[in-house]
Amino acid sequence: MTNLPIVLTMGEPAGVGPELTIKAKQILKEKHPFFVIGDFNYFAFLAQRSGIKIKKINEVNQTFEYPEYLCVLDCKLPERVFPGNISLKNSAVIKQTLEKAVSLISTKQASALVTNPINKWALKKSCHFPFEGHTDFLASIDPEKRSSVMMLTNRDGFKVIPVTGHVPIKKISANLTPELLETTLRILNESLKFDYQIQIPKILVTGVNPHAGETATLGFEEVDVIIPVIEKLKKEGFSLEGPVAADTSFTQEKRANFDAFVCMYHDQALIPIKTISFDESINITLGLSFVRTSPDHGTALDIAGKNLANPKSLVFAIQEAKNLATLRKKNVPQF
């Protein structure tokens, strides 16, 4: 697996993904060989401006024949790209690039997937896409049809996992079920064991309410949902602590003592890690039969085409994809 290239998808064409891909190639050069699925003509235009060499490939293994080139598996867009301005016709192609990428991995032509940011509104408007985002969509097209979990991590190993994803605040309580929390904890625990070689992962679980509900005076989710799941999994040997009040969960001491932090909703998890390391944290999808990473930011339409996008997160995503693919070759996950 590790002697195969990594496949990147271009993400939303009008966003910063294509620009970041060019910059990542400039930084990584011939390390961590990767190719990108996207519109060759648009990448050629961007490459000309940056002075980077680019090559259209027909076969994935050509990536190794042209290591100094950014190799592009062509997926033509129906309309011209104007950075910062979404074309729904172009956005509709994104789904195809993701399906193609997963197919290449499942047929052992690529080792891992790194996805550039997508615009969820554009995808939902442009094609049939009844998903919250990459995480659940990739699970739906995983050949092994596994459940997936979103995890963000940084270079210091700080790992956060939201149990509920891209849902409105008013719907968090309804979406936070014992089954979902248990599934999330099981997938995380196994991923930490097999992908990160942590024998007994130490996991902190936050509460959902202020002060973790304060003995049900500020909410019942802790008593009804979180505590029963924690107690059940502890009996199976899980190393869990919680529910812990979220406002004291991410101190330096706790970050040093726990391997991962399971949070009840999106911002509860993402605010601390993006505050600490916005430019160099990444998203990893746990539970899939293949490795998938991505930058931790969005399409940044406001700076697209202005050569302002910071490639550090994408570079880290590529490096971590290679590392995880190497470990996956040695250890077969048992989710």
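The values are calculated or read from the model by the stated rules, or taken from the named source; none is laboratory data. No experiment lies behind these values; they were computed from the predicted model shown. When we count neighbours, we look across all protein chains shown, and the Cβ atoms used for this are built from the backbone with ideal geometry, even at glycine. Side chains included, ligands, DNA and RNA excluded: accessible areas come from the protein's heavy atoms. Shrake-Rupley method; radii C 1.70, N 1.55, O 1.52, S 1.80 Å.
Worth pointing out:
- q = 0.13, 0.14 Å⁻¹: log10 I(q)/I(0) that the Debye formula gives for the chain, counting C-alpha atoms only: -0.95, -1.09
- Treating each Cα of the range 253-335 as one equal point scatterer and applying the Debye formula with no solvent, the log10 of I(q)/I(0) at q = 0.15, 0.18 Å⁻¹ comes out as -0.71, -0.97.
- Three principal axis lengths of the range 35-122 [C-alpha, angstrom, descending]: 35, 33, 19
- Taking only protein heavy atoms and a 1.4 Å probe, the accessible area of the range 212-335 is 51% carbon and sulfur.
- Residue-normalised accessible area of the chain, expressed per residue, 1.4 Å probe, Å²: 44
- At an R0 of 41 angstrom, the distance between the Cβ atoms of CYS127 and SER239 translates into a FRET efficiency of 0.45.
- Comparing mean-square fluctuations of ILE169, ILE54, ILE105 from a GNM of the chain with C-alpha springs under 10 Å, the top value falls on ILE169.
- Sparsely packed loop sites in the range 1-69 (the GluC sites (Glu not before Pro) outside DSSP H, G, I, E and B with at most 15 other Cβ atoms within 10 Å) comprise GLU30, GLU59, GLU65, GLU68.
- Spin-label zone in the range 45-63 - amide nitrogen under 16 Å from a point set 7 Å from the Cα of ARG80 along the C-beta vector: 45-46
- Of all DSSP beta bridges in the chain, antiparallel share, percent nearest 5: 30
- Around the Cα centre of the range 162-303, unit charges on the Cβ atoms of Lys, Arg, Asp and Glu (plus for the first two, minus for the last two) sum to a dipole of about 240 debye.
- To put it simply, the accessible area of the range 88-155 at a 1.4 Å probe is 52 percent carbon and sulfur.
- Trypsin sites (Lys or Arg not before Pro) within the range 210-312, DSSP loop, no more than 13 other Cβ atoms inside 10 Å: LYS306
- Restricting attention to the range 84-166, lysine pairs at least eight places apart or on different chains and with alpha-carbon atoms under 17 angstrom apart total 8.
- Fraction of accessible area attributable to carbon and sulfur, the range 1-66 (%, probe 1.4 Å): 49
- One chain, two ends: ASP156 and ILE198. Fully extended at 0.36 nm per residue, the span grows by 13.6 nm beyond their Cα-Cα distance.
- Taken about its Cα centre, the range 244-335 carries a charge dipole of roughly 500 debye when the Cβ of each Lys and Arg holds +1 and the Cβ of each Asp and Glu holds -1.
- Farthest positive-ward along the range 183-260 dipole, Cα basis, beta-carbon charges - from VAL229, GLY207, ALA246: VAL229
- Label-point separation, ILE169 to GLU59 (7 Å along Cα→Cβ), nm: 5.6
- Backbone HN-Hα couplings from phi across the range 179-191 [Karplus 6.51/-1.76/1.60, Hz, Gly and Pro as x]: 5, 5, 4, 5, 4, 4, 5, 5, 4, 4, 4, 5, 5
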